[in-house]
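Participant: Shown below is the structure under consideration.
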């Protein structure tokens with residue numbers, strides 16, 4: 001079965017250029033010119049990867065990414081003319097998997113598409129791990145693994161799929177310090193290569209959502225120079 005790419009950009013030249021490269025590699029392609037059109041297409045078409053521009057009319061890429069992450073774990077590559085580190089961190093912190101700065105080499109973007117699809121396919125096809133318990137309770141924090149739901153003091157917390165997997169991984173290994181490379185390889189299902197910021201951003205976002213005081217975390221502890229852990233009971 002052909003994999004379908006959703007390319008979202010208001011620049012017609014980029015749409016035409018990447019359509020040539022993606023179709024030549026055997027991918028089916030859907031296109032949209034803004035975030036609202038992209039969300040509508042996702043409701044009616046199966047999509048395996050999304051290429052999402054940041055600056056667009058009606059609904060920009062960052063807001064569209066946040067809405068997509070509320071329901072889907074589909075790989076997202078952000079496109080933007082901005083190259084500052086904070087812009088990249090913003091994209092990653094709301095759930096993007098990769099970030100490409102315009103202008104870009106089409107062959108580089110194509111390589112990143114293939115890499116993200118390999119990573120995601122390994123992730124969804126991985127059945128070697130033992131099933132997690134249906135419910136993990138850590139004081140007032142409850143992780144409902146089957147429903148992909150998290151509550152703190154009986155209040156539901158909205159997590160992206162990646163955030164949920166990071167939290168579940170730490171909870172299943174309580175009392176064990178997990179390095180950033182271990183977290184990355186277990187959650188993203190890809191060798192850890194200069195992906196320190198990705199893990200750090202997801203930990204920071206998790207703390208902002210589940211901790212009363214993210215600066216003095218109760219659940220996710222930092223072990224300086226090594227990694228992160230949730231204390232054993």
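Each reported figure results from applying straightforward, stated rules to the coordinates on display, with no laboratory input. Fair warning: this is a prediction, and the values are worked out from it, not measured in the lab. When we count neighbours, we look across all protein chains shown, and the Cβ atoms used for this are built from the backbone with ideal geometry, even at glycine.
Participant: Note the per residue figure in Å³ for the convex hull of the C-alpha positions in the chain. Numbers along the way, then the final one.
Facilitator: Values: hull volume 32.0 nm³, N = 233.
In the chain, the Cα convex hull volume per residue is 137 Å³.
Participant: Follow-up. At 0.36 nm per residue, and after removing the present C-alpha to C-alpha distance, how many nm does the segment from residue 12 to residue 55 gain when stretched out fully? Intermediate results must be reported in sequence, preceding the final value.
Facilitator: Details: separation 43, 0.36 × 43 = 15.48 nm, distance 1.37 nm.
Here the segment from residue 12 to residue 55 would lengthen by 14.1 nm.
Participant: Continuing with the same structure: Looking at the square roots a ≥ b ≥ c of the eigenvalues of the Cα gyration tensor of region 1-71, which shape do they give, rounded for a/c under 1.5, prolate if a/b is larger than b/c, or oblate?
Facilitator: Numbers: a/c = 2.30, a/b = 1.27, b/c = 1.81.
Oblate shape, in that a/c is at least 1.5 and b/c is the bigger or equal ratio.
Participant: Once you keep just the Cα pairs under 8 angstrom separated by 6 or more residues, what percentage relative contact order results for the chain? Don't skip to the end; give the middle numbers.
Facilitator: On the way: 358 pairs, mean separation 31.7, N = 233.
Normalised by residue count, the contact order of the chain is 14 percent.
Participant: Here is a further query. Give me 94, 51, 15 ranked fewest to most by other Cβ atoms within 10 Å of their Cβ, as a rough exposure proxy. Could the numbers behind the result be given before it?
Facilitator: Details: 94 21, 51 26, 15 17.
Final ranking by Cβ density, sparse to dense: 15, 94, 51.
Participant: Just grab the label-to-label distance for residue 137 and residue 108, each label 7 Å out from Cα along the Cβ direction, in nm (one decimal).
Facilitator: For residue 137 paired with residue 108, the spin-label model returns 5.1 nm.
Participant: What shape does region 4-125 take by its C-alpha gyration tensor, where a ≥ b ≥ c are the square roots of the eigenvalues and a/c under 1.5 counts as rounded, a/b above b/c as prolate, and the rest as oblate? Could you put the intermediate results ahead of the total?
Facilitator: Details: a/c = 1.14, a/b = 1.07, b/c = 1.07.
It is rounded, given that a/c, with a ≥ b ≥ c, falls under 1.5.
Participant: Between region 130-181 and region 1-63, what is the separation of their alpha carbon centroids in Å?
Facilitator: Computed from Cα coordinates, the inter-centre distance equals 32 Å.
Participant: Using per-residue counts of other Cβ atoms within 10 Å, averaged over each peptide, order 199-210, 104-115 from highest down. Could the numbers behind the result be given before it?
Facilitator: On the way: 199-210: 19.2, 104-115: 14.7.
The peptides rank, most packed first, as 199-210, 104-115.
Participant: Take the alpha carbon gyration tensor of region 132-228, find the square roots of its eigenvalues, order them as a ≥ b ≥ c, and report rounded if a/c is under 1.5; if not, report prolate when a/b exceeds b/c, else oblate.
Facilitator: Working: a/c = 1.69, a/b = 1.36, b/c = 1.24.
Prolate, since a/c reaches 1.5 and a/b exceeds b/c.
Participant: Is it possible to state the helix-based mean residue ellipticity at 222 nm for the chain, with each DSSP H run of 4+ residues giving -39500 (n - 2.57), the sum divided by total residues, to the nearest 500 deg cm²/dmol? What is it?
Facilitator: On the way: 8 runs with 97 residues, N = 233.
Theoretical 222 nm ellipticity from helices: -13000 deg cm²/dmol.
Participant: To continue, here is another question. I need the calculated FRET efficiency for the pair residue 146 and residue 223, taking r as the beta carbon distance and R₀ as 45 Å, to the nearest 0.05.
Facilitator: Working: r = 30 Å, r/R0 = 0.66.
FRET efficiency, residue 146 to residue 223: 0.90.
Participant: Sort 136-146, 218-228 by the packing proxy (mean of other Cβ within 10 Å over each peptide's residues), most packed first.
Facilitator: Working: 136-146: 16.1, 218-228: 14.5.
The most tightly packed comes first, giving 136-146, 218-228.
Participant: Moving to a separate point now. Relative to the longest principal axis of the C-alpha atoms of the chain, give the angle of the C-alpha long axis of helix 161-172, reported between 0 and 90° and rounded to the nearest 10°.
Facilitator: 20
Participant: Quickly work out the residue 231-to-residue 72 label distance, labels modelled 7 Å from Cα along the C-beta direction, and quote it in nm with one decimal.
Facilitator: A separation of 4.1 nm, rounded to one decimal place.
Participant: Determine the relative contact order of region 4-125: mean sequence separation of Cα pairs under 8 Å and six or more apart, normalised by residue count, in whole percent.
Facilitator: 23
Participant: Using 7 Å Cα-to-Cβ label points, what is the residue 119/residue 20 separation (nm, one decimal)?
Facilitator: Here the modelled spin labels are 2.8 nm apart.
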